[in-house]
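Shown next, in structure tokens, is the structure this report addresses.
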Amino acid sequence: MKSLTEGALYRNTLRTLETAGEIINLNRNALERLKLPRRAIAVSVPVKMDDGRVQIFPGYRVQHNQALGPFKGGLRYHQSVNLSEVAALSMLMTFKNSLLGLPLGGAKGGVTVNPNQLSTNELEHLTRRFTSELSPFIGPDEDIPAPDVGTDSQTMAWMLDTYSMESGFSQTGVVTGKPIEIGGSQGRECATGLGVVYVTEKALATRGKKIQGATMAIQGFGKVGMHAAIEAFALGAKVVAVSDVTGAIYHPEGLNITDVKKYIDENKVLKGYPNAQTIDGEELLELDVDVLAPCALDGVINSTNVDRIKAPIIVEGANGPVTVNASDELYKRNTMIIPDILANGGGVVVSYFEWVQDIVWLFWHEDEVRQKLKTIMYRSFDTVFDFHKEMGTNLRLSAMGVSLKRLEKAMKLRGQAW
Ligand code: NAD
């Protein structure tokens, strides 16, 4: 178990679990159970490369907890993937799914590979062999993978096909994040960004404000940031700044996000966008706006810039954008930080909808998906905010507290904690 628990992310996640566990007086047996995953699967994946060599890639799937339902979580392809990181991420999925009230447990997986160095043919072979190695452990009722860093809807389509070949009939419910044509859900692509905006609306409301006319700065214009910007703009927010890896753009009266999206579709990057001022990426984080939504990278708000952060509300669209030290500093200034586990939960909520639709073979219109997503995000925000008011804990610990209470109840009912 040592290699599983020795990574920094695992140790940090354990610390959060223990701190939140103390606050809710978490049952001792439940705490001990949650500290380790139920099962960790390590495989070696041989791939016949285009030049005829066979290369072996390490792959993992860690199934953390299934007290609430089947295991669920992403699969990433990245050169830094290791067992301990995957295990920590699987634990975070257990907490996220519990917080959002989903009937799902937590899992995560990955292959140590730089996907940009493989041809499409090699990636397909890697995915099919990895799926085959995992097939005794995954399935619509057992464990349902989804895309993550370095994987996409095509990866999920290959997984679905391989799993279905082995079981003898089509099994669309084995993965989520698939293309619509083979059982994917409407609204999956924009789900995380929409979730960011729904919790932003709620956060503003607690301070007597509406999203209409509120000023926002959004870091990152990818799957999360772009859809958050589009939705916020559609609802009447003044999105004054957005950024990507090539820089940031700013307009004091609010950017026309429809026009920015058109520019991105044609040019791929924000650099050179003509109808706004260019500002430094760091400057975006320090703007005096109602809401700052970091939706790109982890650790971008840290002890070096925290003194210059002015936004009274920060919505963590990315995973871990505000460091622990910076969070402590911001709490002292009464800054509201909506934690990632809540703010970027929209993606897994719509993944859950996709799984449900595949089970009943009844597919919903995008409006229905959005409405149901909004209901869950609003409800989750309210539950966390009520806990925060009652217990006086910050929103990050409150989100963990809500999540652990639900898990503890399920574990007690199952006889896993007494
Ligand atoms: P993405 O690759 O689609 O987009 C990332 C964006 O960030 C791009 O626009 C990129 O140009 C920009 N970026 C990179 N470096 C930057 C920098 N230094 N300054 C400003 N912008 C920069 O990724 P994504 O899926 O949008 O994920 C973003 C974050 O959200 C990650 O932390 C991810 O783990 C998290 N997240 C994503 C989802 C999802 O459904 N996609 C769900 C939960 C959490």
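Worth a mention:
- The calculated FRET efficiency for the pair residue 245 and residue 182, based on their C-beta separation and a Förster distance of 45 Å, comes to about 0.90.
- Placing a label point 7 Å from the Cα of residue 114 along the Cα-to-Cβ direction, the residues of the stretch 67-87 with a backbone N closer than 12 Å are 78-80.
- Whole-angstrom gap from the stretch 247-305 to the stretch 359-418, using each part's C-alpha centre: 31
- GNM flexibility winner over the chain from 289, 384, 54 (Cα, springs under 10 Å): 54
- Cα centroid separation, the stretch 180-202 to the stretch 95-163 (Å): 19
- For the chain, the square roots a ≥ b ≥ c of the C-alpha gyration tensor eigenvalues yield an a/c of 1.5 or more together with a/b not exceeding b/c, which makes the shape oblate.
- Between residue 333 and residue 275, the simple spin-label model (points 7 angstrom out along Cα→Cβ) gives 3.2 nm.
- Interatomic Cα distance distribution for the stretch 191-334, bins of 5 angstrom, percent: 2, 11, 22, 25, 21, 13, 5, 1, 0
- Rough spin-label spacing in nm, given labels placed 7 Å along Cα→Cβ, for residue 166 and residue 413: 3.1
- Relative contact order for the chain, counting Cα pairs under 8 Å that sit 6 or more residues apart, in percent: 16
- Efficiency of FRET from Cβ geometry, residue 297 and residue 152, R₀ 25 Å, rounded to 0.05: 0.80
- Among 354, 283, 231, the residue with the largest mean-square fluctuation in a Gaussian network model of the chain, with springs joining Cα atoms closer than 10 Å, is 283.
- Separation of the residue 267 and residue 366 label points, Cα + 7 Å toward Cβ, nm: 2.5
- Among 90, 398, a tally of other beta-carbon atoms within 10 Å of each Cβ gives an order, fewest to most, of 398, 90.
- Rounded FRET efficiency, nearest 0.05, which uses the C-beta distance separating residue 359 from residue 210 and R0 of 35 Å: 0.40
- Springs join every pair of Cα atoms under 10 Å in this Gaussian network model of the chain, and among 389, 310, 261 the largest mean-square fluctuation is at 389.
- The trypsin sites (Lys or Arg not before Pro) of the stretch 194-249 that meet both conditions, a loop assignment by DSSP and at most 13 other Cβ atoms within 10 Å of the site Cβ, are 207, 210.
- Of all lysines in the structure, those lying under 24 Å Cα to Cα from residue 238, and not within fewer than 8 positions of it along the same chain, are 202, 209, 210, 223, 261, 262, 268, 271, 310, 374.
- Its alpha carbons considered, the stretch 37-172 gives a radius of gyration followed by a Dmax of 14.4, 48 Å.
Read-outs: derived from the displayed coordinates by stated rules, not from any lab. Keep in mind it's a predicted model, so treat the numbers as computed, not measured. Every residue, glycine as well, gets a Cβ built from its backbone with ideal geometry; the counts of neighbours run over all protein chains shown.
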